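Trainee: Please find one structure pasted underneath; my questions will follow.
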Amino acid sequence: MSRIVSMLPVHNEASRWLRQVLDQLSVLTDCTVVYDDASTDETAWLCHTYGKVRYYRGDFPWFQKDEAALRQHLWQLVGYEEPDWILALDADELLEDRALVELPKLVNQNDFDAVAFRIFDFWKSMDQIRIDGAWNPWNRFSPLMVRYDKMLAPVWMAQPIHCGRFPVSYRDRVTFYSHLRVQHYGWARGEEHLSKYLFYRERDLAVYGHVQPHTESVLSTTVTLEPWIPLASPGWFEGKGE
Amino acid sequence: MKTRIAILTSNHFEPSGIRQVYGGAERYGVELTRLLLDMDYDVEWWQVGDNWRKEIIPGVPIRGIPETETPYQTMPHLNQVFFEQAVDADAAIYFVMYLAYPTVFPKSISVSHGIYWDHSGMDKFLPNGQDRNEWLRRLQMAISGVSSVVSVDTATINWVRATWPILAQKFSYVPNFVDLDAFYPKKRHDIDSTSTRVRVVFPRRATTVRGINEAGKAALWLTESNPDIEVHFVGRAHDDAMERTMTAWAASHDRIFYYWLPPHLMAELYRYADIVWIPTKSSEGTSLSCLEAMASGCAVVTTTVGGLADLVQDEYSGIVIDPTARALVDATNRLVNGPELRLRIGNHAREVAETFSLDRWRSTWARIIEEVL
């Protein structure tokens, strides 16, 4: 069986979705490598309650200065775990429940080296998603799982933000586009929107010299939402049909 | 130095390079690539695309050529750019028959995946006799120019024989394949004899030519009238909007599912299935889905379109219907209410499928390649 290792950068996540994420990753993967970017809350304690977590901590916040450097370091730590496949999620992302039985079946094959998923942004609630403009999850897939290859250069795009989850050399791998959906809860709490907007606004100005339209759309008063539809896995995935 | 084979297709990926087309022809392309690699050839693919470079399987490149025009249902500009870019190749495979117009490599093979000019949309693209004649002229040139044409079905060869008798000798009938080691019936001890649940699978892309609308209507009628039936729609659509619609539609009905799978999981799905729908309306060869379902011992309900008649004999190795929702429902109800009929047809289907083995397909293709080279 292929060994799946997940990589998770975290920063003050204890009161957010970290418990749910680690619960899920403990079922889905053989090991989760956490890089704690100088959290000051209970994140460290929480991580240590999971037997499959390899916990590393930095003393000074890194993400806000140079996300690429942080991810490159985390990638190196993941390599120590000798993965066959690497799943890269953030601490506010969960695969939908049916992935628990379906995802492990995707990796034991030689047809593709990456798996991409649609990411759904939950908007000010846990039961509706945003679908207007660049928020539309239906017209884009994100590669979040790759087959690990020691021979590929572990170099990230030289960009301090939105630098991708994998090294540049992992782009354009033969990819399977999965029906499994990723639930992103980063925008599920409306009270956090202003602070997140200000963070991304500042980063946009530093990187691009102007605020990106997608960032501006965070505070838009006209958004299009649709309900999140929970989907059950067909019985055969769980061996009920055999 | 290894012999180099260049392959030209239209769309393995969508021209954007973002979305992979998941049809039988694309899986055929992957299997053909594996065969060529096993024969120790260098392989490189080209298709329509905005100058991107990707891999078709790990280690085998596919390049995009930014030529999208399709005058008279051919792609002469794509053909010519390919001819220039692949100039170092020792031989070429034109993965769709019309792509071999107007120029061809001296050593070349083209592939017919079945008659695609049998759907009503062709009238839109070739609206008058003049246009149709020009299309035929180009198709005739494409067939004339290559060293050999591999056809997945007899329908195409017979059409050519009736249209241009002398060209039929260019053709070799190499029907599609099934990996008999991967696709096999469920074991006797795995059959739950106490279960009354009947699983129906539509293992096709969610497109009109594959009969998605008729299948959807039949699924509603059947699941509403019989609580023991569940229907699985397993295949991607042509666009995101359709996948969104299918997801919401399936979720709003009990015992109707919509999802898709990578090829290596399809065998598991078929072992779970009892009845498989292949209700094709047009543009069909010898469907891989049909063969895999048959090899898995499923009772197939299908039509006579394209190469399907090469695979299924009515009431023996499957049930042949007209592609309508009513006919799908009637055939399915017969199979649901007649487990002996289901078992008998499934057993015969497996026997028939054994004559379409992957090993046989590989050795026939290998012989043709060696003859051309």
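Trainee: Among the listed residues B:Val305, B:Val301, B:Val312, which satisfies the condition of being farther than 19 Å from B:Gly216 by Cβ and of a type outside the set (D, E, K, R)?
Mentor: On the way: B:Val305 fails: farther than 19 Å from B:Gly216 by Cβ; B:Val301 fails: farther than 19 Å from B:Gly216 by Cβ.
One residue alone meets the criteria, B:Val312.
Trainee: Turning to a different aspect of this structure: Can you name every residue in the range B:342-367 that is under 16 Å from B:Arg34 (Cα atoms) and in a helix (DSSP H, G or I)?
Mentor: Going through the range B:342-367, the residues under 16 Å from B:Arg34 (Cα atoms) turn out to be B:357-367.
Within the range B:342-367, B:Leu358, B:Asp359, B:Arg360, B:Trp361, B:Arg362, B:Ser363, B:Thr364, B:Trp365, B:Ala366, B:Arg367 meet the criteria.
Here's the yes/no breakdown for (1) assigned by TED's automatic domain parsing to the domain that holds B:Gln313; (2) on the phi > 0 side of the Ramachandran plot; (3) touching a Ser or Thr at 6+ places or on another chain (Cβ under 9 Å):
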site	(1), (2), (3)
B:Ala325	yes, no, no
B:Ala331	yes, no, no
B:Leu335	yes, no, no
B:Gly338	yes, no, no
B:Leu341	yes, no, no
B:Arg344	yes, no, no
B:Arg350	yes, no, yes
B:Thr364	no, no, yes
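Trainee: Same structure again: Would you mind listing the strands (runs of 3 or more DSSP E) fully within the range B:1-104 where at least 1 residues are out of contact with any Gly (no Cβ under 9 Å at 6 or more places or on another chain) and away from chain A (no Cβ under 14 Å)?
Mentor: Numbers: elements: B:4-8, B:42-48, B:53-57, B:60-65, B:91-94.
So the answer is B:4-8, B:42-48, B:91-94.
Trainee: From the residues in the range B:142-177 that are of a type in the set (Ser, Thr, Tyr) and surrounded by fewer than 19 Cβ atoms within 10 Å (Cβ to Cβ), which one is nearest to B:Glu284 (Cα to Cα)?
Mentor: Going through the range B:142-177, the residues of a type in the set (Ser, Thr, Tyr) turn out to be B:144, B:147-148, B:151, B:154, B:156, B:163, B:172-173.
With surrounded by fewer than 19 Cβ atoms within 10 Å (Cβ to Cβ) added as a condition, the list becomes B:144, B:147-148, B:154, B:163, B:172-173.
Values: B:Ser144: 23, B:Ser147: 24, B:Ser148: 21, B:Thr154: 12, B:Thr163: 19, B:Ser172: 18, B:Tyr173: 15 Å.
Residue satisfying both the conditions and the ranking: B:Thr154.
Trainee: Filter the range A:200-215 for residues that are assigned to a helix (DSSP H, G or I), surrounded by 13 or more Cβ atoms within 10 Å (Cβ to Cβ) and without any contact (Cβ under 8 Å) to a residue 40 or more places away in the chain and give the result.
Mentor: Matches in the range A:200-215: A:Tyr200, A:Arg201, A:Glu202, A:Asp204, A:Leu205, A:Thr215.
Trainee: Of (1) within 13 Å of another protein chain (Cβ to nearest Cβ); (2) crowded, with 21+ Cβ neighbours inside 10 Å, B:Ala219 satisfies all except one. Which?
Mentor: B:Ala219 satisfies all of (1) within 13 Å of another protein chain (Cβ to nearest Cβ); (2) crowded, with 21+ Cβ neighbours inside 10 Å except (1).
Trainee: Where residues in the range A:136-148 are within 14 Å of chain B (Cβ to nearest Cβ) and touching a residue at least 24 places away in the same chain (Cβ under 8 Å), which of them is surrounded by the most Cβ atoms within 10 Å (Cβ to Cβ)? Outline the logic, then answer.
Mentor: Looking only at the range A:136-148, we keep the residues that are within 14 Å of chain B (Cβ to nearest Cβ), and these are A:136-143, A:145-148.
Subsequent filtering for residues that are touching a residue at least 24 places away in the same chain (Cβ under 8 Å) retains A:137, A:141-143, A:145-148.
Numbers: A:Pro137: 21, A:Phe141: 20, A:Ser142: 14, A:Pro143: 21, A:Met145: 26, A:Val146: 24, A:Arg147: 21, A:Tyr148: 21.
Going through the qualifying residues, I end up with A:Met145.
Trainee: State which residue is farthest from B:Ile18 (Cα to Cα) when the search covers only the range A:102-111 and only residues that are at the interface with chain B (Cβ under 7 Å from one of its Cβ atoms) and outside any helix (DSSP H, G or I).
Mentor: First pass over the range A:102-111, keeping only residues at the interface with chain B (Cβ under 7 Å from one of its Cβ atoms): A:105-106, A:109, A:111.
Going one step further and asking which of them are outside any helix (DSSP H, G or I), we end up with A:109, A:111.
Working: A:Gln109: 22, A:Asp111: 17 Å.
This residue is A:Gln109.
Trainee: Which residues, taken from the range B:318-334, are crowded, with 24+ Cβ neighbours inside 10 Å and within 24 Å of B:Asn176 (Cβ to Cβ)?
Mentor: First, pick out the residues of the range B:318-334 that are crowded, with 24+ Cβ neighbours inside 10 Å: B:318, B:328, B:332.
Passing the criteria: B:Gly318, B:Leu328.
Trainee: So which residues in the range B:109-120 are assigned to a strand (DSSP E or B) and buried (at least 22 other Cβ atoms within 10 Å of the Cβ), if there are any at all?
Mentor: B:Ile109, B:Ser110, B:Val111, B:Ser112
Trainee: List the number of the failed condition for B:His189; all other conditions in (1) within 13 Å of chain A (Cβ to nearest Cβ); (2) modelled with pLDDT of 95 or more hold.
Mentor: Against the list (1) within 13 Å of chain A (Cβ to nearest Cβ); (2) modelled with pLDDT of 95 or more, B:His189 comes up short only on (2).
Trainee: Right, another one. Among the residues in the range A:153-170, are any in contact with a strand residue (DSSP E or B) (Cβ under 8 Å, 6 or more places away or on another chain) and either more than 14 Å from chain B (Cβ to nearest Cβ) or among the basic types (Lys, Arg) (or both)?
Mentor: Filtering the range A:153-170 down to residues in contact with a strand residue (DSSP E or B) (Cβ under 8 Å, 6 or more places away or on another chain) leaves A:165-166, A:170.
Filter once more, so that each one left must be either more than 14 Å from chain B (Cβ to nearest Cβ) or among the basic types (Lys, Arg) (or both): A:165-166.
Yes, that holds for at least one residue.
The values are calculated or read from the model by the stated rules, or taken from the named source; none is laboratory data. Small disclaimer: the values here were computed from a predicted structure and weren't measured. All Cβ positions, even for glycine, are placed from backbone atoms using ideal geometry, and neighbour counts span all protein chains on display.
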